[in-house]
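Have a look at the structure below, then the notes.
The values are calculated or read from the model by the stated rules, or taken from the named source; none is laboratory data. In this text the structure is predicted, and so the values were computed from the model without any measurement. Positions of Cβ are generated from backbone atoms using ideal geometry, with glycine treated the same way; all protein chains shown enter the neighbour counts. Surface accessibility is based on the protein's heavy atoms, side chains included, excluding ligands, DNA and RNA. Shrake-Rupley method; radii C 1.70, N 1.55, O 1.52, S 1.80 Å.
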2 protein chains.
Amino acid sequence: MAPAVELWFELASTYSYVGAERIVPLARAAGVTIVWRPFLLGPIFAAQQGLKSSPFNANPVRGEYMWRDLERLCARHGLPWRRPSVFPRPSILATRVALVGASHPWGPAFVHATYRANFAEDRDISSREVVADLLARAGAPVDATLAAAESPENKAALRDQTDAAARLGMFGAPNLVVNGELFFGQDRFEDAFAWLERPWLPPAPRT
Amino acid sequence: MAPAVELWFELASTYSYVGAERIVPLARAAGVTIVWRPFLLGPIFAAQQGLKSSPFNANPVRGEYMWRDLERLCARHGLPWRRPSVFPRPSILATRVALVGASHPWGPAFVHATYRANFAEDRDISSREVVADLLARAGAPVDATLAAAESPENKAALRDQTDAAARLGMFGAPNLVVNGELFFGQDRFEDAFAWLERPWLPPAPRT
């Protein structure tokens with residue numbers, strides 16, 4: 001089996017957008033498979049910090065820096081960027097779809113299209129019409145996928161995936177999990193790939 | 001005048017330790033002067049988030065990740081590391097001393113010695129005896145420097161520097177300020193040096 005990195009991402013998260021773009025050439029160069037793991041940060045922010053929105057909204061100083069940082073990062077990495085007029089956008093429908101997509105060839109294309117819609121085109125990814133359009137663009141069967149996304153089984157599977165993220169120690173996104181080791185933030189991706197090649201510490205004790 | 005980067009750092013901050021070490025070879029390679037700007041995060045955390053301690057203590061999940069991340073970062077960059085038995089350590093005396101040191105040749109050596117004491121030797125940098133020892137190790141006149149550090153003028157100067165950090169939009173540490181552009185986190189240092197060489201966006205509008 002080819003070595004793999006798990007990308008744990010939230011479709012409402014600006015830095016996850018950068019991460020979902022940056023991981024592709026890194027994985028290709030390393031000959032590594034990407035396992036796409038969409039999850040929801042909302043329940044995690046609520047449980048850990050009692051927040052109902054993004055921590056970037058809870059601290060506006062940090063929020064303002066984040067917007068400038070994103071503009072700079074995207075320009076540096078050649079990614080299209082437009083500051084969204086709504087942040088964070090409710091991502092539950094798109095994330096349910098992305099979870100279905102994780103076991104289909106069109107999955108990554110849907111993720112990339114959704115991030116572009118949210119953070120380069122200022123489109124409302126919480127809208128069913130927009131999600132349907134993104135599915136069509138990704139080459140997925142629209143109606144069947146929406147039905148699968150909203151099935152009780154898939155809703156439960158997304159809750160399970162979000163619970164798993166919390167158990168793995170996640171508190172934000174994006175994250176890479178590499179042989180059980182957690183790396184938070186797109187700025188740690190190079191370290192995570194180096195770790196996959198050769199870890200430089202013993203595994204962390206499980207707490 | 002040689003081009004310069006301003007390093008805004010907090011002596012109680014783990015990531016500032018990594019930053020204060022990593023900046024030295026980066027600045028040397030770029031032929032750039034480092035302006036050392038110690039400041040206090042406590043008043044900023046209190047004003048922006050109502051916190052009385054580190055955000056890493058406020059969210060223990062994020063805190064646990066930080067400790068593992070530090071261990072990994074230090075091992076990767078060849079820096080000595082021991083998880084301190086107290087975190088964060090009150091840094092006000094050492095920071096007042098560092099502010100005096102910012103205009104003396106021994107200043108950087110005191111900063112490096114203080115970080116090593118806090119994060120590699122588990123010494124209490126809030127203790128006057130420890131600070132005196134670190135000053136001696138850095139080649140500074142101990143009694144005169146402590147007196148200067150605790151003068152009303154220097155105490156006011158540190159308050160001013162912390163106010164300036166807040167006005168520049170800081171919410172954590174370390175930061176680099178490069179031609180007025182703010183970069184937060186030691187993971188943005190390479191970007192900050194590239195920016196000094198050639199900015200890739202127009203200046204941010206002042207808010």
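Pairing each residue of the stretch A:160-171 that is within 14 Å of A:A46 (Cβ to Cβ) with any residue that is among the basic types (K, R), provided the two are 6+ apart or on different chains, yields C-beta distances under 6 Å for A:F171/B:R62.
To keep it simple, each residue is scored yes or no on (1) part of a helix (DSSP H, G or I); (2) in contact (Cβ under 8 Å) with a residue 12 or more places away in the chain; (3) within 14 Å of another protein chain (Cβ to nearest Cβ).
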site	(1), (2), (3)
B:R28	yes, no, no
B:W36	no, yes, no
B:I44	yes, yes, yes
B:M66	yes, yes, yes
B:L70	yes, yes, yes
B:P84	no, yes, no
B:P88	no, yes, no
B:L93	yes, yes, no
B:L99	yes, yes, no
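Could you list all residues from the stretch B:101-124 that are assigned to a helix (DSSP H, G or I) and touching a Gly at 6+ places or on another chain (Cβ under 9 Å)? Within the stretch B:101-124, B:G101, B:G107, B:P108, B:A109, B:F110, B:V111 qualify. Being buried (at least 19 other Cβ atoms within 10 Å of the Cβ) and farther than 28 Å from B:E150 by Cβ is the requirement here; does B:V18 meet it? Considered against the rule, which asks whether it is buried (at least 19 other Cβ atoms within 10 Å of the Cβ) and farther than 28 Å from B:E150 by Cβ, B:V18 comes out as yes. Filtered by the rule that a residue be under 19 Å from A:F39 (Cα atoms) and either among the aromatic types (F, W, Y) or part of a helix (DSSP H, G or I) (or both), the stretch A:125-135 gives A:R128, A:V131, A:L134, A:L135. So for the stretch B:59-72 (the condition being more than 16 Å from B:S16 (Cβ to Cβ), open to solvent by less than 40 Å² (accessible area, probe 1.4 Å) and touching a Gly at 6+ places or on another chain (Cβ under 9 Å)), does at least one residue qualify? Yes, the stretch B:59-72 contains at least one residue that is more than 16 Å from B:S16 (Cβ to Cβ), open to solvent by less than 40 Å² (accessible area, probe 1.4 Å) and touching a Gly at 6+ places or on another chain (Cβ under 9 Å).
Within the stretch B:111-137, residues that are without any contact (Cβ under 8 Å) to a residue 24 or more places away in the chain have Cβ atoms under 8 Å from residues that are among the charged types (D, E, K, R) in these pairs: B:A117/B:R123; B:V130/B:R123; B:V130/B:D124, counting only partners at least 6 apart in sequence or on another chain.
Residues checked against (1) open to solvent by less than 60 Å² (accessible area, probe 1.4 Å); (2) among the small types (G, A, S):
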site	(1), (2)
B:D122	yes, no
B:A144	no, yes
B:L158	yes, no
B:D163	no, no
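Counting residues that are within 14 Å of another protein chain (Cβ to nearest Cβ), which helices (runs of 4 or more DSSP H) fully inside the stretch B:136-206 reach at least 3? In the stretch B:136-206, B:152-167, B:189-197 are the helices (runs of 4 or more DSSP H) which contain 3 or more residues that are within 14 Å of another protein chain (Cβ to nearest Cβ). Among the residues examined, B:D191 does not qualify as free of Cβ contacts under 8 Å to residues at least 24 places away in the same chain and surrounded by fewer than 16 Cβ atoms within 10 Å (Cβ to Cβ). Summed over the stretch B:82-115, residues that are farther than 20 Å from B:D133 by Cα and among the aromatic types (F, W, Y) total 1.
Looking at the structure I just gave you, is A:L70 within 13 Å of the chain's Cα centre (by Cα), on the phi < 0 side of the Ramachandran plot and of a type outside the set (S, T, N, Q)? No; evaluated as a whole, the condition is false for this residue.
Of the residues making up the stretch A:58-81, not a single one is under 28 Å from A:A149 (Cβ atoms) and basic (K, R). Return yes or no: is B:R116 in contact with a helix residue (DSSP H, G or I) (Cβ under 6 Å, 6 or more places away or on another chain) and more than 14 Å from chain A (Cβ to nearest Cβ)? Criteria not met by B:R116. For the stretch A:101-114, indicate whether the set of residues that are over 30 Å from A:R82 (Cβ atoms), aliphatic (A, V, I, L, M) and open to solvent by less than 50 Å² (accessible area, probe 1.4 Å) is non-empty. Scanning the stretch A:101-114, I find no residue that is over 30 Å from A:R82 (Cβ atoms), aliphatic (A, V, I, L, M) and open to solvent by less than 50 Å² (accessible area, probe 1.4 Å), so the answer is no.
The listed residues are A:V130, A:V111, and the only one of them that is under 30 Å from B:D187 (Cβ atoms), among the β-branched types (V, I, T) and more than 14 Å from chain B (Cβ to nearest Cβ) turns out to be A:V111.
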